[in-house]
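What follows is one structure encoded as structure tokens, with my remarks underneath.
A short reminder: the numbers here are calculations on the coordinates, not readings from a lab. All values reported here derive from a predicted model rather than from experimental measurement. Cβ: placed from backbone, ideal geometry, glycine included. Neighbour counts: every protein chain shown.
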DNA sequence: TGCCGATCATAAGCCTGCTTATTAGACTGC
DNA sequence: GCAGTCTAATAAGCAGGCTTATGATCGGCA
């Protein structure tokens, strides 16, 4: 059936399932080092730039600050990251990796590469590049920040 | 920095963030009808074929049976789906939409189209088709079923 | 018939992430 | 200096999804 065909190709479902399966595979591999995909994502970003506050990191990760706060709670508890009071802003913390985290960066990278290799098997470099460009466009289209200011014509509805 | 460039283009992060943002947007729009993206996914599949058991539906949705069971708990509670005992197998249930669910199918479709439109804005039809083909390939690569039997050469590492 | 492995569904416990709402501090303008 | 607003972080409560483990049933095979 044409409907069935459309269904199997439904963009949202396919995108979501691909992302979920990739996370699952990454988590299976990364369990040996005691980290999850989301936690690795934090550590990777901190490895690029330490000292960000939570709001900034949440923005980079395209997630809500509260979601990141919970994630950081677990990571701090497990000794991967450290919150240091921001001397210039009593509300904020600055985020740093711990000494424990630095040695595992390479293993995280290896897990990432291996997982990506499985996910992209049989896809040419040109197609990989193209797919990533397109996904970046999708992300940009859906991002709150950076896009148009979201008209949200719900006038009359109080938040 | 080249490293930074690689980072922003990291396949796993981009894929995950795009999928999450799309889910979020869908959920925001679908809240008015009292359904989530995952629940809509179930209803869409049941609208194509009712009477499946949970194991079969979980397989179609590329998820673990227990995850689906929980999802169905909430949906049954909310009156969207019905579990009927399978006369031929006392372990299994057969899944059906309720009368309440059928009238909202069209609204779900509309929400899906609208959300997809936002996500794919500025992307040509050819590129959309290509991206979906590539995502389907990724999903197939990562699927437990249908793929190769997963060598799992982690010998030596204990989980 | 009876055993034994496979299969269907589920329980417990956890991580990720969101919405909504709150507290504390920063900032802007008068 | 201070009121009003904005911002950083968090609390409460929930949905979605996974791993690991269990109970029940099915089915093949001796």
Those residues of the stretch B:119-128 that are touching a helix residue (DSSP H, G or I) at 6+ places or on another chain (Cβ under 6 Å) and either away from chain A (no Cβ under 11 Å) or within 16 Å of DNA strand C (Cβ to nearest atom) (or both) come to a total of 1
Looking at residue A:42, is it within 9 Å of DNA strand C (Cβ to nearest atom) and farther than 30 Å from residue B:58 by Cα? yes
Residue satisfying all of: in the stretch A:71-113; touching a residue at least 24 places away in the same chain (Cβ under 8 Å) and within 10 Å of DNA strand C (Cβ to nearest atom); farthest from residue B:12 (Cα to Cα) among these: A:89
Taking the stretch A:85-113 on its own, how many of its residues are over 13 Å from residue A:33 (Cα atoms) and surrounded by 13 or more Cβ atoms within 10 Å (Cβ to Cβ)? 8
Looking at the stretch B:47-56, is at least one residue within 11 Å of DNA strand C (Cβ to nearest atom) and touching a helix residue (DSSP H, G or I) at 6+ places or on another chain (Cβ under 7 Å)? yes
The stretch B:44-68 - residue that is within 11 Å of DNA strand D (Cβ to nearest atom) and within 14 Å of the chain's Cα centre (by Cα) and, of those, farthest from the other protein chains (Cβ to nearest Cβ): B:65
